[in-house]
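Derivation of every value follows stated rules applied to the coordinates shown; laboratory data play no part. This is a predicted model, so every value here is computed, not measured. Positions of Cβ are backbone-derived with ideal geometry, glycine not excepted, and every protein chain shown enters the neighbour counts.
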Amino acid sequence: MSTATRMMFTVFTPTHNRAHTLHRPFESLQVQTFRDFEWLVIDDGSSDHTHQLLDEWKKRASFPIRYIRQDHSGKHVAHNRAVREARGKFFLILDSDDACTPWALERMAFHWNEIPSSERAIYSGVSGLCSDQHGKVIGDPFPPDDPTPHERRYIYRVRGEKWGSEMTEIVRRFPFPEIRGTQFVPEAVAWLAMAKTYKTRCVNEIFRIYYIEDGKTGTTLSRKRSLRDNARGHLHYFIWLLNNDLGYFRHSPLPFLKAASMAPVVGLFANQRLSSTLRSLQSVWAKALVLSALPISLLLYIFDRLYTHLFEAPQADNRL
């Protein structure tokens, strides 16, 4: 980490060929009512004019901008780099095709300061709601009394986009695994690991604007097109879920049934035999769940092969 003077927030934006949408986070940060922050942009090997945009914005921005370029490695690698580089007390991810409300940082700071100092040790940060670009809230509101992320996910089954900030020193202790052969690792791997120790102050206020039309199309850092894309990253996540959270099966079985069905399939695409996948599972219950879901796994595998044959191969020919 840099020895430069710390500030309240580091707003991190990972980007890959998103010069046409990067104006959204930039313009929303320009009008923040809270000014103690930096914008850290990690460029994951873009081939468009992202660099020129950032050079221009640095000259007229009302806040510090840092731009770092890396070889195309994926959002998870960019995230780990950003956490190491962050100068803010709090760290938050603002995607390259999204924006935030003008009061987002101010309200996050307010709600953090509202937590009694005697209780802050068990909190990692503050999280709020998202809306689309038309102001419609996306997903469910938070239940009261700051339930843990696991309770929100499995017991209350809160769905939809959420957004907030976490203490940088805590995020540093839960890096994404940098797995070879993949450019995507599901974000839940890091956040659910953190949630085993820390709670989040949950507020039903809109902090993030999530564009849902053509803004979500095109090339993104985390985009996946079929089961075989970034199979190693998905395999890591499904194994992690079955090894760490299976105790919540009775409250919310569907995530674990999905993991059990998908693990053998992405394992095959990652050149891992079923026997190796089973050995990576720590409990007999996880192994039994995967074995019982094998008929579904076979159907998923067949469907993916058909999909690849019918749709992806012609598209590949058209790109030549």
Margin query: What is the angle, in °, between the Cα long axis of helix 104-114 and the longest principal axis of the Cα atoms in the chain? Nearest 10 is fine, range 0 to 90.
Written below: 90
Item checked: Kirkwood hydrodynamic radius (C-alpha pairs) into Stokes-Einstein, the stretch 7-216, 4 °C and 1.567 mPa s, D in µm²/s -> 74
Checklist line | Whole-Hz couplings from phi, Karplus 6.51/-1.76/1.60, listed for the stretch 160-166; x for Gly and Pro | finding: x, 5, 10, 7, x, 10, 10
Checklist line | Charge-dipole axis of the chain as Lys and Arg at +1 and Asp and Glu at -1 on Cβ define it, positive-most pick from VAL290, SER117, PRO253 | finding: VAL290
Notebook entry, point to check: Where does each of ILE206, ILE179 land when they are ranked from fewest to most other beta-carbon atoms within 10 angstrom?
Noted result: ILE179, ILE206
Checklist line | Geometric extent, Cα atoms of the stretch 40-113 - Rg, Dmax (angstrom) | finding: 13.7, 42
Note to self: Please give the charge dipole size of the chain, origin at the Cα centre, charges +1 on K and R Cβ atoms and -1 on D and E Cβ atoms. Round to the nearest 20 debye.
What the structure shows: 840
Next item on the list: Just rank LYS199, LYS58, fewest to most, by other beta-carbon atoms within 10 angstrom.
Entry: LYS58, LYS199
Note to self: What are the ³J(HN,Hα) couplings of the stretch 292-304, residue after residue, when phi is run through the Karplus curve with 6.51, -1.76, 1.60 and θ = phi - 60°? Round to Hz, x for glycine and proline.
What the structure shows: 5, 8, 4, x, 5, 4, 4, 5, 4, 5, 4, 4, 5
Margin query: Placing unit charges on C-beta atoms (Lys and Arg positive, Asp and Glu negative, everything else neutral), compute the dipole magnitude of the stretch 231-319 about its Cα centre in debye, rounded to 20.
Written below: 240
Next item on the list: For the chain, find the longest principal axis of its Cα atoms and tell me its angle to the long axis of helix 231-244, 0 to 90°, nearest 10.
Entry: 90
Next item on the list: Just list whichever of LYS258/LYS287; LYS58/LYS136; LYS58/LYS199; LYS162/LYS199 have alpha carbons separated by over 24 Å in the model shown.
Entry: LYS58/LYS136; LYS58/LYS199
Item checked: MRE, 222 nm, helices only [DSSP H, n ≥ 4, -39500 (n - 2.57), over the chain, to nearest 500] -> -11000 deg cm²/dmol
Notebook entry, point to check: Can you give the convex hull volume per residue for the Cα atoms of the stretch 67-109, as a whole number of Å³?
Noted result: 96
Next item on the list: Compute the separation of the alpha-carbon centres of the stretch 2-69 and the stretch 230-294 and state it in Å as a whole number.
Entry: 38
Next item on the list: Could you work out the relative contact order of the chain, using alpha carbon pairs under 8 angstrom and six or more residues apart, expressed as a whole percent?
Entry: 18
